[in-house]
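Engineer: Have a look at this one before I ask anything.
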Amino acid sequence: MCTGRVDLAFIFRAFSNGKDGVFVGGCWPGECHYITEGNYLALSTMHIGRKLLEMIGLDPERLRLEWISASEGSRYAEVMNDFSKKMKASGPIGKGEGIDPEELNLRLEAVQNLIPYIKLVERERLRVTLKSVEEYNEFFASDEFDQLFQELIGDKFQITRIMALLRKKPCSNKELSEVLGISPSEVSRHLNTAARQGLGRVDESRNLIAAACDENGNTTTSDSSDSAVTAAPDNDTIDQIIHEHQGKPGSLIHVLMEIQSENHWLSKEILDRISEKLDVPLSRVMQIATFYKTFSLSPKGRHEVHVCTGTSCHLRGASHLMESVQDLMGIRPGETDSDAKFSLGNGNCLGCCSLGPEIIVDGKHHGRVTPAMAEEVLKNYA
Amino acid sequence: MPRINSATELEELRKGLLSKRDPDKSYIAICSGTGCLGLGNDRVITAFEQEIKRLSLETQVDIRVTGCHGFCERGPNVVIYPEEIYYIQVTPEDVPEIVSQTVLGKQVIDRLIYEDPNTGEKSAYQSDIPFYKAQMRQLISNNTKIDSRRINDYMGIGGYSALSKALFEMTPAQVLEEVKKANLRGRGGGGFPAGLKWETTRNAPEKQKYVIVNGHEGEPGATMDRAIFTGNPHSVLEGLIIGAYAIGASQGFIYTRHDSPQLKDNIYRALEQAREYGLLGENILGSGFNFNVEVHFDVGIFVSGESSALMRSIEGRNPEPRPKYIRTSVSGVWDKPSNLNNVETWANVPQIINKGSQWYTSIGTERSKGTKLISLSGNIVNSGVVEVPFGTTLRQIIYDIGGGIPNGKKLKAVHFGGAMGGSIPARLIDTPLDFDALKKVGAPMGAGALMVMDEDNNMVDVTRFFLNFLTNESCGKCVPCREGIRQLLKIMTRMSKGNGRKGDIELLEEISEVMGVASLCSLGKTACDPLKSSLRYFRDEYEAGISDEIAPVNEQELTPERV
């Protein structure tokens, strides 16, 4: 079999089955029997595979690619002896790196789930058009590749792991962050990305998170205002709003607007209900709900924070204020922080230009705020 | 409240209201505009209410929670009538003193009055404050006189007399003629003569016609419409009913912002009160004219202020504009002729009917008549809402009313018209406020948001900021707008970091030209206006953003990113 045919999936299936190392050997570059590119493909697969191993905390040396042609019997023996010696030194997979076997399985499973996606991404963004081994090695060692890898695969991997954990049982953000070994604000960033990518499924899991937060008795902050995040939508209130507008042409926006202000977000169940009761196709409801910025399809924190980014505030330095608020909260506009305390939005001009730059929390204006004062303002909200 | 069934009954009601009122009775006008509320004026209002109650002064002193006074910079503002003593930056702690000293004792409290930061001169009365002295307040002056929640206050200053005059003394054609003669031009941005627009809708073949108030005001920095609509909702409503009568519409729509609870409340309350008085609904004032109004809200998107997009939104759909080879005045909401005007345009109508077109045309320049509300913001001493006659120069607005540039900085540029407006350099500020004159120099007035920039503001950054705003607000229906703005933003972003490439400026010009020609609605057509005007006047700043070391633009890089 051509080395180019050795798929990432094969490699990781071997690791999943408990193999300590995977060796791929084949023709030298430039001596390909087929399209003269097979072994470059193998090289690229090997680089990505090693990067993936590194990402999940395994020794990248467990995957090895060597150029050995059919006539190089002694070299083959030499290389194999060396490889098995190294593998023995590294110890059994997982144990050698000090990873718990169950955790290792989870990580490997997450990577395996990602492989079809990685192959797609590789074709679009990571395909190298270079034609020498040195250039390949240089590219895969570059910062550019690191950044691409992190953006395209690293984040996706974390999301996959979060989803895998949440499918097993509800978790709080804290638990997630402990299990995954990343900071809570990273967790919330991934959750937000997830919410943008696939609504239904992720909303469900976000509910789990919110619910778990509540159960765990997030004692310092749990109070009645939590309900904005955790409470299931009250069908009676929603039915009443729908009923008030039923039969009027153009009522859809009114209904969505009132439910949004009542419930702070529109869950899939609510949208289904509106579609059914108003007899409007769900696609129309979704069209409106995704078009207007006021409608939120993911739950909001207990406090909605806006930093006005209108022109006048901008001229007076709102962008610095925004940076300082983002640093304080660890989230970006449109996101909610890990303990569902704050949601950050960049409000369009609200007409208090003489107060600029300003922070608006739950409709209350805090005017003429300097970046240094932001912490003082936010401290008052629990 | 009794229903009013004729013009005579309306006048009797007004007389009754006025006779019950002592003209010398003190009243306290507390501003509850967005600016003052943001500064905590709600607590000042409560403090006054408690203090008056505590001293049992309810019969002697009236509290009016009014709309925006305009002087937002020095808020919270409180005016004591009948003396018209103007207090600035009032806190709840000042309230007992104001009531005992000023309301009862008729003494001016020195520390609460306005002091000119340059001359040190103090002014106790509203009309003496330079900010007010240089204005001509036709529309917004009523804001301080009435409690925006009470229709009787509006009646007391002659409210709905224009409607009664139109219904009983004029035919619809005469009303239309009067508005045409007054040369009332649309205040929303286009400056299109309102009379001609009304006539088109009136003459359109369909029987069912609509009139619409556009109170969307999505333009950042624009707050005039809110000031009028929140502070004096009946003036807009009266204008709308008169317009409906002239056009022959039986149904009206108000389209406004959802994010201002006070605005929402005041509009709903005004409609309710007008219905009870019989000023809305069937057989208005016994004249046989029927007219109803429905309220709709924008839900946080800029493009829905565009007329055809707005009408789609009223229908409960996505606010995507449509091509206008058939104008909305012929085919608008539900494909019926729909006449849409801005809040301020409608608010002008009652005074035109009351005082006549001759009076109206005596104010302003040759082609722009009447007064204009301007919202002043950015790097200026007195930001707020001001009203001046057309023909006032920008210098007068910025220095005489606005008080100049703070912190001893120099004026660099004046930007008019928000994200789709234009900037002109300081040397052109003797240009008069006039639809055509401003358009000619490249700063079309738009809705009237005047943004002042000082020497620290970088034009490339400001233009980039507008483009960034517009990329988020473009509805995405037509390609030149959606993709064009994105590409402009991409180029501007690298220029603002000093990484511009040779040929970038030419590329910017090329893209903006295509967008201007090929976009569907005015958002896309005018999205590059800030760019064009700042390139015209501040090209050196763009050139400074070009790096010599970076190779010219590679066309392929302009293809959209693949993800």
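Engineer: Report the equivalent ellipsoid semi-axes for chain B in whole Å, largest first, defined as the square roots of five times the eigenvalues of the gyration tensor built from alpha carbon atoms. Present the calculation step by step, with values, prior to reporting the outcome.
Structural biologist: Details: eigenvalues 335, 199, 75 Å².
Taking √(5λ) for each eigenvalue gives 41, 32, 19 Å, largest first.
Engineer: Whole Å is fine, so just give me how far the alpha carbon centre of segment B:313-371 lies from that of segment A:46-67.
Structural biologist: Between the Cα centres of segment B:313-371 and segment A:46-67 lies a distance of 68 Å.
Engineer: Any chance you could list the semi-axes, whole Å, largest first, of the equivalent ellipsoid that the Cα gyration tensor gives for the protein assembly as shown, using √(5λ)? Spell out each step's value before the answer.
Structural biologist: On the way: eigenvalues 729, 188, 160 Å².
The three semi-axes for the protein assembly as shown are 60, 31, 28 Å.
Engineer: If the cut-off is a Cα-Cα distance under 13 Å, which aspartates and glutamates reach A:Lys341, setting aside same-chain residues fewer than 8 apart in sequence?
Structural biologist: A:Asp214, A:Asp223, A:Asp226, A:Glu304, A:Asp362
Engineer: Now for a different question. Which residue, A:Leu58, A:Leu355, A:Leu166, has the most motion in a Gaussian network model of chain A that connects Cα atoms within less than 10 Å?
Structural biologist: Top of the fluctuation ranking is A:Leu355.
Engineer: Counting only other chains, and only Cβ atoms inside 10 Å, what mean value do you get across the residues of B:310-321? Please report the intermediate quantities before stating the final value.
Structural biologist: Details: counts 0, 0, 1, 5, 3, 4, 14, 7, 7, 4, 1, 0.
The mean count of partner-chain Cβ atoms within 10 Å per residue comes to 4.
Engineer: Now for a different question. Please report the base-10 log of the normalised intensity I(q)/I(0) for segment A:3-145, using a Debye sum with one equal scatterer per alpha carbon and no solvent, at each q in 0.12, 0.14 (1/Å).
Structural biologist: -0.51, -0.70
Engineer: May I ask for the angle, rounded to the nearest 10°, between helix A:282-291 and the longest principal axis of chain A, with both axes built from Cα atoms and the value confined to 0 to 90°?
Structural biologist: 90 degrees
Engineer: Any idea how far the Cα center of segment B:165-197 sits from the one of segment A:86-121, in Å?
Structural biologist: 76 Å
Engineer: Same structure, new question: Please list 3J(HN,Hα) in residue order for segment B:87-97, calculated via the Karplus relation 6.51 cos²θ - 1.76 cosθ + 1.60 where θ = phi - 60°; whole Hz, with x for glycine and proline.
Structural biologist: After applying 6.51 cos²θ - 1.76 cosθ + 1.60, I find 9, 10, 6, 7, 10, x, 5, 6, 4, x, 5 Hz.
Engineer: Inside 10 Å of the C-beta atoms of B:295-306, what's the mean count of C-beta atoms belonging to other chains? Before the final figure, lay out the partial values.
Structural biologist: Details: counts 1, 4, 6, 4, 12, 9, 5, 2, 1, 3, 0, 0.
Mean inter-chain Cβ contacts per residue within 10 Å come to 4.
Engineer: If the cut-off is 15 Å between C-alpha atoms, which aspartates and glutamates fall inside it for B:Lys336, apart from same-chain ones fewer than 8 positions away?
Structural biologist: Of all the aspartates and glutamates, those that pass the test against B:Lys336 - Cα under 15 Å, at least 8 places apart if same chain - are B:Glu199, B:Glu206, B:Glu315.
Engineer: State the antiparallel share, in %, of DSSP beta bridges confined to segment A:303-379, rounding to the nearest 5.
Structural biologist: Values: 7 of 11 bridges.
The antiparallel fraction comes to roughly 65 percent.
Engineer: Next up: If packing is taken as the average number of other Cβ atoms within 10 Å across a peptide's residues, how do A:95-102, B:390-397 rank, most packed first? Write out the running numbers ahead of the final one.
Structural biologist: Details: A:95-102: 12.5, B:390-397: 20.2.
Highest to lowest by the protection proxy: B:390-397, A:95-102.
Engineer: Now a separate question. Defining a contact as two alpha carbons under 8 Å apart and six or more residues distant in sequence, what relative contact order in percent does segment B:363-503 show? Write out the running numbers ahead of the final one.
Structural biologist: On the way: 235 pairs, mean separation 30.1, N = 141.
Reported as a whole number, the value is 21 percent.
Engineer: When chain A is treated as a GNM, springs tying every alpha-carbon pair under 10 Å, which of A:Arg316, A:Arg123, A:Arg273 comes out with the largest mean-square fluctuation?
Structural biologist: Most flexible of the set in this elastic network: A:Arg123.
Engineer: Further question on the same structure: Can you put B:Ser362, B:Ser304, A:Ser324 in order of Cβ neighbours within 10 angstrom, beginning with the fewest? Could the numbers behind the result be given before it?
Structural biologist: Numbers: B:Ser362 12, B:Ser304 30, A:Ser324 19.
The fewest-first ordering by Cβ neighbours comes to B:Ser362, A:Ser324, B:Ser304.
Engineer: Next question, about the same structure. In terms of modelled amide H atoms, which long-range or inter-chain residues lie less than 5 Å from the amide H of B:Lys369?
Structural biologist: B:Arg185
Engineer: Please list, or write none, the lysines whose alpha carbon is within less than 23 Å of the alpha carbon of A:Lys85, excluding same-chain residues fewer than 8 places away.
Structural biologist: The qualifying lysines are A:Lys19, A:Lys51, A:Lys95.
Engineer: Using a 10 Å cut-off on Cβ to Cβ distances, tally the other chain neighbours for every residue of B:28-37 and report the average as a whole number. Write out the running numbers ahead of the final one.
Structural biologist: Numbers: counts 0, 0, 0, 0, 0, 3, 7, 7, 3, 3.
Taking all residues of B:28-37 together, the mean is 2.
Engineer: Taking chymotrypsin sites (Phe, Trp or Tyr not before Pro) as exposed when DSSP calls them loop (any state but H, G, I, E, B) and at most 16 other Cβ atoms lie within 10 Å, what is the longest stretch of chain A free of them, the sites themselves excluded? All intermediate terms of the calculation are to be shown ahead of the outcome.
Structural biologist: Details: sites that count: A:Tyr34, A:Tyr381.
That gives A:35-380 as the longest site-free run.
Engineer: Putting +1 on Lys and Arg Cβ atoms and -1 on Asp and Glu Cβ atoms, find which of A:His366, B:Leu340, A:Gly310 reaches farthest to the positive end of the dipole of the protein assembly as shown.
Structural biologist: B:Leu340
Engineer: Compute the normalised compactness of chain A: alpha-carbon radius of gyration over 2.2 N^0.38 Å, N being the residue count. Show your work: numbers first, answer last.
Structural biologist: Working: Rg = 26.4 Å, N = 382, 2.2 N^0.38 = 21.1 Å.
For chain A, the normalised Cα radius of gyration comes out at 1.25.
Engineer: Cα convex hull of segment B:269-333: how many Å³ per residue? It would help to have the intermediate numbers written out before the result.
Structural biologist: Working: hull volume 6.6 nm³, N = 65.
Per-residue hull volume (Cα only) is 102 Å³.
Engineer: Distance cut-off 29 Å, Cα to Cα: go down the list B:Lys180/B:Lys477; B:Lys53/B:Lys145; A:Lys364/B:Lys410 and report the pairs above it. Present the calculation step by step, with values, prior to reporting the outcome.
Structural biologist: Working: B:Lys180/B:Lys477 35 Å; B:Lys53/B:Lys145 22 Å; A:Lys364/B:Lys410 33 Å.
Violating the 29 Å Cα-Cα cut-off are B:Lys180/B:Lys477; A:Lys364/B:Lys410.
Engineer: Where does chain B land at 222 nm, in deg cm²/dmol rounded to the nearest 500, when only DSSP H runs of n ≥ 4 count, each adding -39500 (n - 2.57), divided by all residues? Spell out each step's value before the answer.
Structural biologist: Details: 20 runs with 213 residues, N = 563.
Rounded to the nearest 500, it is -11500 deg cm²/dmol.
Engineer: Say each of B:Glu169 and B:Arg21 gets a label point 7 Å from the Cα, pointing the same way as Cα to Cβ; how far apart are those two points in nm?
Structural biologist: 2.1 nm
Engineer: In degrees, nearest 10, range 0 to 90: what is the angle between the Cα axis of helix A:73-90 and the longest Cα principal axis of chain A?
Structural biologist: Roughly 50 degrees, rounded to the nearest 10.
Engineer: With +1 on each Lys and Arg Cβ and -1 on each Asp and Glu Cβ, how big is the dipole of the protein assembly as shown about its Cα centre, in debye rounded to the nearest 20?
Structural biologist: Numbers: 106 positive and 125 negative charges, 417 e Å.
It comes to approximately 2000 debye.
Engineer: Of B:Lys181/B:Lys324; B:Lys324/B:Lys525; B:Lys490/B:Lys532; B:Lys440/B:Lys532; B:Lys497/B:Lys532, which sit over 18 Å apart, Cα to Cα? Provide the component values of the computation, followed by the final result.
Structural biologist: Numbers: B:Lys181/B:Lys324 27 Å; B:Lys324/B:Lys525 13 Å; B:Lys490/B:Lys532 16 Å; B:Lys440/B:Lys532 13 Å; B:Lys497/B:Lys532 20 Å.
With Cα atoms farther than 18 Å apart: B:Lys181/B:Lys324; B:Lys497/B:Lys532.
Engineer: Moving to a separate point now. Using modelled backbone amide H atoms (1.01 Å from N, in-plane), which distant-in-sequence or interchain residues come within less than 5 Å of A:Leu63's amide H?
Structural biologist: A:Val22
Engineer: I've got another one for you. Just to be sure I understand: of the beta bridges DSSP finds with both ends in segment B:159-361, what percent are antiparallel, rounded to 5? Don't skip to the end; give the middle numbers.
Structural biologist: Details: 2 of 19 bridges.
Percentage antiparallel, nearest 5: 10.
Engineer: Between the helical axis of A:38-55 and the dominant principal axis of chain A, each derived from Cα atoms, what acute angle in degrees is found, rounded to the nearest 10?
Structural biologist: Once rounded, the angle reads 50 degrees.
Engineer: Kindly put B:Arg269, B:Arg74 in sequence by how many other C-beta atoms sit within 10 Å of each C-beta, fewest to most.
Structural biologist: Values: B:Arg269 15, B:Arg74 23.
Ordered from fewest to most neighbouring Cβ atoms within 10 Å, B:Arg269, B:Arg74 come out as B:Arg269, B:Arg74.
Engineer: Return the sequence-ordered ³J(HN,Hα) values of segment A:5-13 in whole Hz as given by the Karplus equation 6.51 cos²θ - 1.76 cosθ + 1.60 applied to θ = phi - 60°, using x for Gly and Pro.
Structural biologist: Using θ = phi - 60°, the values come out as 8, 6, 7, 3, 4, 4, 4, 6, 5 Hz.
Engineer: With point charges of +1 on the Cβ of Lys and Arg and -1 on the Cβ of Asp and Glu, referenced to the Cα centre of segment B:41-170, which listed residue (B:Tyr86, B:Ser161, B:Pro76) lies farthest in the positive direction of the dipole?
Structural biologist: Checking the options against the dipole of segment B:41-170, the answer is B:Ser161.
Engineer: Where both partners of a DSSP beta bridge lie in the protein assembly as shown, what percent of those bridges are antiparallel, to the nearest 5? Don't skip to the end; give the middle numbers.
Structural biologist: On the way: 36 of 73 bridges.
Once the DSSP bridges in the protein assembly as shown are tallied, antiparallel ones form about 50 percent.
Engineer: If you rank B:Tyr268, B:Tyr160 by fewest surrounding Cβ atoms within 10 Å, what's the result?
Structural biologist: Exposure proxy ranking, most exposed first: B:Tyr268, B:Tyr160.
Engineer: Take the alpha carbon atoms of segment B:9-52, find their center, do the same for segment A:13-29, and report the distance between the two centers in whole angstrom.
Structural biologist: 83 Å
Taken together, the values in this text are just the output of simple stated rules run on the coordinates, not laboratory data. The structure displayed is predicted, hence computed values, not measured ones. Backbone-built Cβ (ideal geometry, glycine too); neighbour counts: all protein chains shown.
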